[in-house]
Amino acid sequence: KNVRAGQACVNQCDLATFPDIVDTPAGQETLCVPCHPQCSEGCGGATASACNECRNFKNTLTNTCVETCSRNLVERVVQGKMICSTCNQTDLDGLLACGECGLVTLRNGSCRSSCPPGEYEINGKCICPQVSRYLTEDGVCELCHPQCSTLTSCWGPGAHQCGSQTATNGTESPCQFARLRNGSCTLKCPGVERLNSLGNCECPDTAVITNNNVCIPCHSQCAEGCTSAGPQNCLNAPMGCKTAYITANGSSICVAECPWNRIPVGLYEPKQCNCADGFFESEFGDCERCDPLCQGLCNGPGPSSCKECKILTLAGVCVKECPIGFAPNFLDKECQPCHPQCSKGCAQPMDNAACLSDPGTPPCLSVFEDGKCSAVCPPHSRFIVGELGISEYSECFEKCPPSLPYYNETTTEIKHRNGEDSLSLTVVETVSIGFTCVNDCSELDNSLRNPEGLEGVCIHELNFAESKTKAQVLDGGITILIVVCCCVFLLLFGLFYVQRRRRKREQVSQPVPDNEETETAYVNDGPNNVYTQYGDEVPTPLKQFEVPGADLVNSPSYVNPYKAYETSATPIVTRVLGIPGKPDLTSPNGVVDIGGMVEESTDL
């Protein structure tokens with residue numbers, strides 16, 4: 001009895017539907033079926049001709065409701081209802097002469113009483129203006145975006161569709177206020193962009209456009225623009241910086257002021273910020289502190305990069321203290337090598353008297369002689385007391401002490417440093433240090449023995465018997481040699497004495513001629529015995545001796561008799577060279593033999 005409207009049963013259908021019997025799986029039912037969209041106030045069926053009233057126009061020719069009148073019909077209002085009817089005449093183009101009907105012609109050729117909103121009539125035709133409006137794809141004349149200029153057209157509803165579709169930023173802006181770089185209209189330019197004289201927003205020289213088409217400002221210290229954001233991207237850096245700059249890794253970074261570990265250099269801005277004293281520029285461009293052992297400046301990290309050392313330097317490296325084998329020279333701030341004979345360290349460089357060692361260990365590599373370390377014992381002190389490398393001191397002496405009567409030769413390898421600053425040693429040659437003194441030769445080597453007859457010299461066990469025989473033979477030969485030498489000496493002394501007495505008697509017997517001038521000379525043969533040339537005794541303390549033809553006082557051979565007496569009791573011998581006519585007074589070698597043994601005096 002009722003009708004179904006959707007899922008509900010109702011007494012009657014509403015004005016937008018009408019009841020209709022339809023076949024359903026359950027059988028025939030009466031359903032509320034929608035009217036045609038152009039119907040108003042209900043309908044009697046589903047077609048546009050079954051409408052009780054029309055929503056827009058009613059075509060009087062087909063008695064149907066339509067949205068708009070077709071080209072050959074004219075929109076009219078009759079008794080308050082809009083209808084589509086015909087005019088009696090057409091124009092030359094075959095169109096209705098809307099003007100004859102008192103109507104205007106629409107852009108689609110149809111006639112109506114007035115133009116649609118936004119359009120205006122020119123000569124009976126409706127026109128969409130080219131300013132502030134545009135035509136949609138459906139032919140509707142619509143307003144442009146509010147940001148579009150009222151003096152220009154647009155080609156769409158958006159803010160970016162103001163003006164001509166082919167317009168660029170180089171042309172006059174079609175916007176009411178400003179046109180962005182992407183062509184869209186806006187109230188003001190964004191960010192650091194500024195409006196130019198054409199009404200377009202542009203990125204200034206003090207800013208840069210990113211890859212995302214965003215204008216961002218350059219760093220505040222960039223004076224001439226930039227290629228990207230950041231102080232390291234300023235154009236024409238470093239001269240393109242405003243105040244100061246830092247140079248690192250081949251590029252310049254503009255800064256407002258030098259950081260705490262840098263100092264400004266230069267008279268005019270921009271000034272270069274260099275690393276301050278005590279800092280160096282790292283590979284990353286940062287100023288890092290020099291090593292604590294540096295005295296101020298350095299050119300890199302570590303103690304080997306110091307330009308001057310605070311304490312000491314060793315092979316170009318700053319150190320706090322010298323290693324073993326070196327001693328400090330605080331005047332030159334250098335660690336200089338110890339003497340090559342120092343076993344460990346020293347108090348003074350290259351001073352073999354300043355070698356140091358730990359308690360109980362020897363300070364010398366070899367021997368200790370006269371307060372100094374030496375490679376070998378000197379010629380006058382060739383005997384060593386103490387074990388090399390073991391005793392606290394291995395000293396050199398002139399001979400072995402009684403407690404260590406035996407000795408054997410000891411050799412060593414002379415070593416020198418590879419360089420002045422090197423700790424390594426190089427063997428140069430093997431030399432004899434001296435003779436090590438021991439209580440028993442076996443202390444040096446089990447194969448050594450204390451030989452008989454060779455005092456103190458250790459020999460090898462295999463040569464022990466042979467050494468003993470040689471020693472006995474040597475002792476006998478020495479005894480024979482001594483006896484022979486004594487006999488020869490006595491024989492020579494006897495011959496010498498006889499010859500001297502004979503020559504003395506010959507001198508006394510020689511007369512003195514009367515015609516020859518004489519000079520007086522004095523000869524002292526002792527504190528109480530003074531003689532003339534003739535053997536006559538003269539009273540002490542002085543006696544004269546006349547030598548004819550000789551000016552002995554003025555001669556280089558003259559001997560002051562007082563001096564002779566005062567200085568020596570030894571017979572004085574005078575050398576008389578070339579006395580004419582007196583060969584008996586001169587010996588074959590020109591020496592006068594007076595009062596004793598003949599010899600040449602060095603005093604003459």
Quiz prompt | region 416-453, residues that are at pLDDT below 65 and more than 30 Å from Phe326 (Cβ to Cβ) | solution = Gly453
Quiz prompt | Number of the condition not met by Gly240 [criteria: (1) touching a Phe, Trp or Tyr at 6+ places or on another chain (Cβ under 9 Å); (2) surrounded by 16 or more Cβ atoms within 10 Å (Cβ to Cβ)] | solution = (1)
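Okay, residues lined up against (1) more than 30 Å from Asn108 (Cβ to Cβ); (2) surrounded by 14 or more Cβ atoms within 10 Å (Cβ to Cβ); (3) not small (Gly, Ala, Ser):
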position	(1), (2), (3)
Ile122	no, no, yes
Pro129	no, no, yes
Cys144	no, yes, yes
Pro157	no, no, yes
Ser164	no, no, no
Cys189	yes, yes, yes
Val192	yes, yes, yes
Asn196	yes, yes, yes
Asn211	yes, no, yes
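The rows are residues; the columns are (1) modelled with pLDDT of 90 or more; (2) touching a Cys at 6+ places or on another chain (Cβ under 8 Å); (3) not hydroxyl-bearing (Ser, Thr, Tyr).
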| residue | (1), (2), (3) |
| --- | --- |
| Cys215 | yes, yes, yes |
| Ala237 | yes, yes, yes |
| Ala244 | yes, yes, yes |
| Asn249 | no, no, yes |
| Val255 | yes, yes, yes |
| Val265 | yes, yes, yes |
| Cys275 | yes, yes, yes |
| Phe280 | yes, yes, yes |
| Glu288 | yes, no, yes |
Exercise. Taking the options Gly109, Gly99, name whichever one is touching a strand residue (DSSP E or B) at 6+ places or on another chain (Cβ under 9 Å), at pLDDT below 80 and part of a helix (DSSP H, G or I).
Key: Gly99
Practice problem: Go through region 216-232 residue by residue and tally those that are in contact (Cβ under 8 Å) with a residue 24 or more places away in the chain, more than 18 Å from Asp286 (Cβ to Cβ) and not aliphatic (A, V, I, L, M). | Solution: 5
Quiz item: Between a first residue in region 314-326 that is closer than 15 Å to Gln295 by Cβ and part of a loop (DSSP other than H, G, I, E, B) and a second residue that is open to solvent by 30 Å² or more (accessible area, probe 1.4 Å) and modelled with pLDDT of 95 or more, which pairs have beta carbons less than 6 Å apart while being 6 or more apart in sequence or on different chains?
Solution: none
Exercise. Any chance you could count how many residues in region 369-388 are assigned to a loop (DSSP other than H, G, I, E, B) and either within 43 Å of the chain's Cα centre (by Cα) or of a type in the set (A, V, I, L, M, F, W, C) (or both)?
Key: 4
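I'd like the residue in region 377-399 that is of a type in the set (A, V, I, L, M, F, W, C) and surrounded by fewer than 20 Cβ atoms within 10 Å (Cβ to Cβ) and, out of all such residues, is nearest to His339 (Cα to Cα). Let's see the steps before the verdict.
Pass one, region 377-399, residues of a type in the set (A, V, I, L, M, F, W, C): 377, 383-385, 388, 390, 396-397.
If we keep only those that are surrounded by fewer than 20 Cβ atoms within 10 Å (Cβ to Cβ) as well, we get 383, 388, 390, 397.
Values: Phe383: 23, Leu388: 17, Ile390: 19, Phe397: 22 Å.
This residue is Leu388.
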Exercise. Would you point out the residue of region 21-66, among those that are touching an Asp or Glu at 6+ places or on another chain (Cβ under 6 Å) and polar (S, T, N, Q), that is nearest to Cys111 (Cα to Cα)?
Key: Asn56
Practice problem: Can you run down the residue pairs with Cβ atoms below 7 Å, 6 or more apart or on separate chains, where the first is in region 48-59 and under 14 Å from Val74 (Cα atoms) and the partner is acidic (Asp, Glu)? | Solution: Asn56/Glu67; Phe57/Glu75
Practice problem: Consider only pairs whose beta carbons are under 6 Å apart and that are at least six residues apart or on different chains; among these, list those whose first residue lies in region 169-196 and is among the aliphatic types (A, V, I, L, M) and at pLDDT 85 or above and whose second residue is open to solvent by 60 Å² or more (accessible area, probe 1.4 Å) and not in a loop (DSSP other than H, G, I, E, B). | Solution: Ala178/Leu195; Val192/Pro217
Practice problem: Quick one: in region 352-368, of everything that is hydroxyl-bearing (Ser, Thr, Tyr) and over 38 Å from the mean Cα position of the chain (by Cα), which residue is surrounded by the fewest Cβ atoms within 10 Å (Cβ to Cβ)? | Solution: Thr361
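Restricting the search to region 41-60, which residues are farther than 21 Å from Val10 by Cα and among the small types (Gly, Ala, Ser)?
If the condition is that a residue be farther than 21 Å from Val10 by Cα and among the small types (Gly, Ala, Ser), then Ala48, Ser49, Ala50 are the ones that fit.
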Practice problem: Could you grab me the full set of residues in region 17-27 that are open to solvent by 60 Å² or more (accessible area, probe 1.4 Å) and touching a Cys at 6+ places or on another chain (Cβ under 7 Å)? | Solution: Pro19
Quiz item: Of all residues in region 198-209, which are touching a strand residue (DSSP E or B) at 6+ places or on another chain (Cβ under 8 Å), open to solvent by 60 Å² or more (accessible area, probe 1.4 Å) and not acidic (Asp, Glu)?
Solution: Thr206, Ile209
Quiz prompt | In region 228-284, the residues that are assigned to a strand (DSSP E or B) and either farther than 26 Å from Cys306 by Cα or of a type in the set (Ser, Thr, Tyr) (or both) | solution = Cys234, Cys241, Ala244, Tyr245, Thr247, Ser251, Ser252, Ile253, Cys254, Val255, Lys271
Quiz item: Can you tell me which of Gly80, Gly118 is open to solvent by less than 60 Å² (accessible area, probe 1.4 Å) and either at pLDDT 70 or above or more than 21 Å from Gly139 (Cα to Cα) (or both)?
Solution: Gly118
Exercise. Could you give me the residue pairs with C-beta distances under 7 Å whose first residue belongs to region 264-278 and is free of Cβ contacts under 8 Å to residues at least 12 places away in the same chain, whose second residue is among the charged types (D, E, K, R) wherever it lies, and which are 6+ apart or on separate chains?
Key: Val265/Lys271
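The values are calculated or read from the model by the stated rules, or taken from the named source; none is laboratory data. Predicted model only: the values in this text are computed from it and were never measured. Every residue, glycine as well, gets a Cβ built from its backbone with ideal geometry; the counts of neighbours run over all protein chains shown. Remember, those area values only see protein heavy atoms, side chains included, never the ligands or the DNA or RNA. Shrake-Rupley method; radii C 1.70, N 1.55, O 1.52, S 1.80 Å.
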